[in-house]
1. Binning at 10 Å from 0, report for the chain what percent of all alpha-carbon pair distances ends up in each bin.
2. Taking R0 as 41 Å, what FRET efficiency do you get between LYS437 and ILE313 from their Cβ-Cβ distance, rounded to the nearest 0.05?
3. Pulled fully out, how much extra length does the chain show between ASP44 and ASP388, if you take 0.36 nm times their separation in residues and subtract their Cα-Cα distance?
4. Output ³J(HN,Hα) for the range 9-22: one whole-Hz value per residue in order, computed from phi by the Karplus curve 6.51 cos²θ - 1.76 cosθ + 1.60 with θ = phi - 60°, and x for Gly and Pro.
5. Just to be sure I understand the model, the point goes 7 Å from the Cα along the line to the Cβ. What's the resulting HIS350 to LYS163 distance in nm?
6. Report the semi-axes of the equivalent ellipsoid for the range 62-125 in whole Å, largest first, where each axis is √(5λ) for an eigenvalue λ of the Cα gyration tensor.
7. Can you figure out the FRET efficiency of THR282 with SER378, using R₀ = 45 Å and their beta-carbon distance, to the nearest 0.05?
8. Just want the answer: with Cβ charges of +1 for Lys and Arg and -1 for Asp and Glu, which residue in VAL211, SER383, VAL286 is farthest toward the dipole's positive end in the chain?
Amino acid sequence: MDTVSERTPFHAGERAAQKRAGAGDVAQWASGFIRDYLPQQHRDFHTSLPFLVVSGAGADGHTWVTLIDGPDGFIRSPNPRALTLNTEINAQDPLRAVVDAGTDIGAVGIELHSRRRNRFSGRLKRSGAAYTLDIKQTFGNCPQYIHERSLRRVPANTPAPAKRKEALTPSQTAWITGADTLFIGSGHQHGADVPSRGFDASHRGGLPGFVRVSDATHLHIPDYAGNNFFNTIGNLLADPRVGLVFVDFDSGSLLHVSGRASINWHPDPKQDPEAHRVIDVTIDAVIERPNALGLRWSKPDADLRQFTVSKRIKESEEITSFYLSPVDGEGVTPYAAGQHLPIEINVPGHTGPVKRSYSLSGDPSDKSAYRLTIKRESHGLASRHLHDALGESAVLRASQPAGDFVIPQDSAPLVLVSAGVGLTPMVSMLHTLAQDKAARPVWFVHGAKDSAHHALRSETDALVEAHDHLHQRLFYSRPSAADQAAGRFDHHGRITAQALLQLEAGATAHYLLCGPARFIAELRSGLEAAGVPAEQIHFESFGPSAR
């Protein structure tokens, strides 16, 4: 028996993938990021969704992925470890028969207009006229490769008959090569009742054509930088069966693909320079279901506005601020502190616009321009282009600000905690809170390597000095001799949960965390172990989990 997987959320395949990718001992910290229940904010999120993406093993032994939709409010959460789906799964769905009998599934709830998502695994079964879903594991994801889309419902109709094949038709090949989104499913069914047993459903996205089809039975999916959990890759190392679903967002049609996967750990960078690995899929079965959903999606192209880079400011060794002013001369769309801005940039060598979302770091009361404060990542396609090629007067496109990582609407004290470039939404919040007439206590707690890597320092210093209800604590993990001599920081080392608790913000305080997944996981785990309720811990993660 795999005794390690009994103690951690990861099985041997996932740990092997983490090790091969150089991610380190993810299990050492990730248990604080993965739960066996849904926090209230995730319950609220899932019960607001019009559909769920679900993966599992079909009655034919293949792994499949599907979308389950229903009327408004069809998903409910009777308790933190359960969801109910008040809908009917169509008889042509490849998972219908096994769900009726009860089966392990992986799922991802995703909101394409806001780009939020949350993944979980559990057991789904019919219960009278509805379905019950018992939660096993759950965790959130960053929205980097999610393409924003708005949703609408259409009148219910009878879906056309499903088309079943063992290989792709030319029209299905065109569907896949034109897609910018897919959902992938994989599973690990070893062990009796360990946390790592079950299925996983995950989102994959990229520019149209990011999935390559080499022939009617072979396709290739790039694996970009993620959270370093390697749930999909690890599952496929243990069990190569894989399921995919492609959505026709205009018609509500679904293209289900099932097959076997292998991992190319050294892909040709000329085919996709951002791909760290490639999942090579040999297709065994294909099911096309025309008009399967009563939902339709559209891209918010009409909401895109052009902005010019009116100013660039180098904030630290790796971080630069870009001020974006509307080309049309109108003011910027108002936003709440903590929200992000989806942007599109044209990168030479790429056939379509590269889309990213970055937290807004400026003062929300400034209606003249948006400010994005961005770290240059050595392997980041967008951030490298922004830093290296996007000068003042350059033009890019952006849609409406979005996101729900915002200031809690009550009067409780706030502890804003960030690491590295994770300070961007916190600085925006600090501006808003500086103008708070209620003047509730606020602690701005930030961790950086040293002063050379500490962005926006003079700005936060000025805000804190000017307002008695604002306080600041700075942690430098590798301060220079000059930093130490000048006393430029408060603590030598990394931010810990114990250090946050020593602020004595009070039992009702909200803790807002932003940084890499490992940073968040360790702080969440420590705060909850000390008795801070999960509902008072809010977070936004980004990038790879290594600090």
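1. Taking every Cα pair in the chain, the percentages come to 3, 18, 28, 27, 17, 6, 1, 0.
2. On the way: r = 30 Å, r/R0 = 0.74.
After rounding to 0.05, the efficiency reads 0.85.
3. Contour length minus the Cα-Cα distance gives 119.7 nm.
4. x, 10, 8, 4, x, 5, 5, 5, 5, 4, 5, 5, 7, x
5. Distance between the two pseudo-spin positions: 3.2 nm.
6. Here the semi-axes work out to 19, 14, 13 Å.
7. In this case the efficiency is close to 0.85.
8. My answer, from the dipole projection, is VAL286.
A short reminder: the numbers here are calculations on the coordinates, not readings from a lab. If you're wondering where the values come from, they're calculated on a predicted model, not measured in any experiment. Don't worry about glycine lacking a Cβ; one is built from the backbone with ideal geometry, like all the others, and counts go over all protein chains shown.
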